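Everything below concerns the one structure shown next.
The values are calculated or read from the model by the stated rules, or taken from the named source; none is laboratory data. Keep in mind the model is a prediction, meaning the values are calculated, not measured. Cβ: placed from backbone, ideal geometry, glycine included. Neighbour counts: every protein chain shown. Ligands, DNA and RNA are excluded from the accessible area calculation, which covers all protein heavy atoms including side chains. Shrake-Rupley method; radii C 1.70, N 1.55, O 1.52, S 1.80 Å.
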Amino acid sequence: MTMQQRKDCQFKSECGRCYHNKMSTSDVSLPVLDENEKKIVNEFCHLLEKSKQLFNGLRDLPQYGHKQWQSYFGRTFDVYTKLWKFQQQHRQILDSKYGLKRWQIGEVASKIGQLYYHYYLRTSETNYLNESFNFYSAIRQRGYYSRASKEERPDLMVKKLRFYARFILVCLLLKKMKLVKDLERDLGKQIDDYTSTYQPEDQSEWKTVLSEIREFEDLKYSELTLDMFRMLQTLEREPQEDLSNQIYDASPAPGRPPYENGDRNNRRENPHKYLLYKPTYSQLNTFLASGFKELPPTGIILLYISADGSPSSMKHGDDPAYDLGGVVTNARREGEEIIRTKKLGHLKEVHCLHPGDLYPYTRKPLFVIVDSDNSSSFQNIPNLFGQPVVCLLSPERAPPTMQDKHRRGNLFTMFLHDPLMAFCYVCNIYEVPVDLWDKCTGIIDKFMSEASKLFSRSKKLDNMYIQFIGDDFLRLLMLRFVFCYIVLILHRGFKGPNFYPTCSPLLPTDEILEHPVLYKVVLDLSTLVDNRTLFAEPGEGDLHGAT
């Protein structure tokens with residue numbers, strides 16, 4: 001075979017074929033290609049191989065630091081754009097001469113969907129979720145994987161199952177809940193088909209995935225806990241609908257990300273976020289340091305923590321930075337037996353985040369939300385560098401009647417995400433007619449409007465809140481915190497300071513937290529949902545303040 005013949009065959013391992021016309025007698029069954037057809041097939045194989053190499057390289061990129069990954073994503077987008085357009089332009093030749101199958105087209109489209117999803121995770125731009133949804137929806141509507149079970153390849157069936165799992169996650173983030181239910185049913189059927197045909201070792205794992213989807217309100221899904229999901233939604237504006245979302249055979253090609261085409265003026269900015277599931281201390285510190293480094297001059301670090309507490313064994317500590325305990329970010333113990341010595345004595349939790357760990361980051365504006373049974377340990381983070389520092393802290397206890405419902409997500413986060421849903425939750429209301437829901441929403445809006453006025457008029461409001469209140473997202477979180485506080489302090493089932501949220505610095509009690517106008521709005525809401533008896537009148541009993 002000549003050098004040119006070898007060159008023509010260089011993609012044999014990828015494509016499963018050799019497209020030189022003059023081959024050995026064992027290859028007589030292969031189609032005969034002219035020079036133009038060989039060129040097209042080889043170019044397709046080249047783009048396919050290059051796209052896979054770039055896509056696989058994404059997993060090795062750090063999840064933090066724009067400079068480290070942005071240019072790589074740009075190159076990957078470019079190659080997939082060329083690949084997708086190329087297979088559209090030469091579909092007839094690729095079908096007849098290369099034997100291109102629909103599942104292979106689906107695999108390329110699925111990779112593009114994943115590419116957009118991961119770019120969304122790194123930029124927090126929800127429009128990329130729409131792009132990801134477009135490709136996933138096209139895969140399903142065109143049935144690219146419909147004949148996967150006929151191929152007698154278990155790996156291909158796994159690709160199909162993974163496609164469904166990823167599509168469901170994108171739909172969850174876009175709040176397309178009806179479609180989630182449809183996809184859940186489809187995935188269940190596909191899992192049954194896969195396990196009954198191949199009896200694979202990963203059968204139980206796929207059953208677990210399906211169980212997590214069906215019980216998402218009680219469990220995590222794909223390293224996304226319900227609390228993380230709710231806070232993620234809270235910190236994002238509604239995604240813009242893509243007017244060009246029409247599914248037809250000529251699929252939309254993956255467009256370049258905004259940093260490539262300069263079209264930043266037409267985008268609505270969302271805060272850039274890092275999502276960490278059970279991070280080690282070193283991982284958390286690395287991401288915090290990266291966020292600190294990348295923060296623009298007018299930026300703010302928002303740290304949301306949902307974790308079990310790690311209280312200190314000391315009743316009184318000399319150093320509130322570390323003596324009061326903190327929260328456990330990861331329960332894994334590293335080398336415990338090695339470092340546990342008589343000299344060390346009591347071993348502290350390795351992956352416990354202490355308030356003192358955040359002190360270096362108070363060099364820039366810092367807004368902290370802690371939802372934990374040891375949230376009070378973060379109550380006294382000092383203002384060491386003159387920058388604003390605000391902490392919103394969850395209640396540390398829940399009434400006995402609410403403790404068995406903890407698996408539905410933390411109550412404090414629920415209030416910050418959807419105040420009306422949280423209000424109904426503490427009132428044991430699980431179904432609300434649409435017209436009543438709309439009326440209740442109006443009352444919630446009235447509360448937020450009145451509370452906002454009180455913030456602007458307050459003469460005792462700490463200057464740190466004033467420096468944050470201009471941000472839309474942080475102002476909303478402050479207002480919802482006040483709603484949560486007033487609802488719980490009036491609710492007869494929540495008795496004592498440990499049952500109420502706290503904040504640092506303290507909000508003025510008379511001007512905001514216990515203002516009669518806000519009390520009245522909450523009581524009006526309880527009357528509307530016919531649960532007035534659950535709430536005490538202002539002045540009745542012992543209503544505890546924020547202290």
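Listed values, structure above:
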quantity: Residue that is under 29 Å from Asn463 (Cα atoms), modelled with pLDDT of 90 or more, in contact with a Gly (Cβ under 6 Å, 6 or more places away or on another chain) and in a loop (DSSP other than H, G, I, E, B), where the choices are Asp323, Asp373; calculated: Asp373
quantity: Unique match (being surrounded by 18 or more Cβ atoms within 10 Å (Cβ to Cβ), more than 27 Å from Arg214 (Cβ to Cβ) and at pLDDT 85 or above) among Leu172, Leu115; calculated: Leu115
quantity: Filter result for Lys85 (more than 30 Å from Met231 (Cα to Cα), charged (D, E, K, R) and touching a residue at least 40 places away in the same chain (Cβ under 8 Å)); calculated: yes
quantity: Only listed residue being over 22 Å from Ile213 (Cβ atoms), of a type outside the set (S, T, N, Q) and in a helix (DSSP H, G or I), chosen from Leu129, Leu83, Leu156, Leu121; calculated: Leu83
quantity: Top-ranked residue in region 397-421 [being assigned to a loop (DSSP other than H, G, I, E, B) and within 25 Å of the chain's Cα centre (by Cα); ranked as surrounded by the fewest Cβ atoms within 10 Å (Cβ to Cβ)]; calculated: Lys405
quantity: Selection count, region 516-525, where residues are more than 32 Å from the chain's Cα centre (by Cα), buried (at least 19 other Cβ atoms within 10 Å of the Cβ) and among the β-branched types (Val, Ile, Thr); calculated: 1
quantity: Helices (runs of 4 or more DSSP H) wholly inside region 183-300 that include at least 1 residues being open to solvent by less than 40 Å² (accessible area, probe 1.4 Å) and modelled with pLDDT of 80 or more; calculated: 203-214, 226-234, 281-294
quantity: Residue tally, condition open to solvent by 50 Å² or more (accessible area, probe 1.4 Å) and farther than 19 Å from Gln87 by Cβ, over region 31-61; calculated: 6
quantity: Entirely in region 422-515, the helices (runs of 4 or more DSSP H) that have 1 or more residues that are acidic (Asp, Glu), closer than 30 Å to His272 by Cβ and open to solvent by 50 Å² or more (accessible area, probe 1.4 Å); calculated: 434-457, 472-490
quantity: Residues within region 526-540 that are farther than 12 Å from Leu490 by Cα and either outside any loop (DSSP other than H, G, I, E, B) or open to solvent by less than 10 Å² (accessible area, probe 1.4 Å) (or both), tallied; calculated: 2
quantity: Test: residue in region 118-131 that is touching a Gly at 6+ places or on another chain (Cβ under 8 Å) and open to solvent by 20 Å² or more (accessible area, probe 1.4 Å); calculated: yes
quantity: Every residue from region 134-169 that is open to solvent by 10 Å² or more (accessible area, probe 1.4 Å) and either under 21 Å from Glu223 (Cα atoms) or free of Cβ contacts under 8 Å to residues at least 24 places away in the same chain (or both); calculated: Lys150, Glu152, Arg153, Asp155, Val158, Lys159, Lys160, Arg162, Tyr164, Ala165, Arg166, Leu169
quantity: Residue satisfying all of: in region 62-90; basic (Lys, Arg) and more than 23 Å from Phe163 (Cα to Cα); least open to solvent (accessible area, probe 1.4 Å) among these; calculated: Arg75
quantity: Residue match in region 305-317 (condition: modelled with pLDDT under 80, open to solvent by 90 Å² or more (accessible area, probe 1.4 Å), among the acidic types (Asp, Glu) and out of contact with any Leu (no Cβ under 9 Å at 6 or more places or on another chain)); calculated: no
quantity: Filter pass, Ser96 being of a type in the set (S, T, N, Q), buried (at least 19 other Cβ atoms within 10 Å of the Cβ) and touching a residue at least 24 places away in the same chain (Cβ under 8 Å); calculated: no
quantity: Cβ-Cβ under 7 Å pairs, at least 6 apart or on other chains, region 193-204 side free of Cβ contacts under 8 Å to residues at least 40 places away in the same chain, far side open to solvent by 60 Å² or more (accessible area, probe 1.4 Å); calculated: Thr195/Gln203
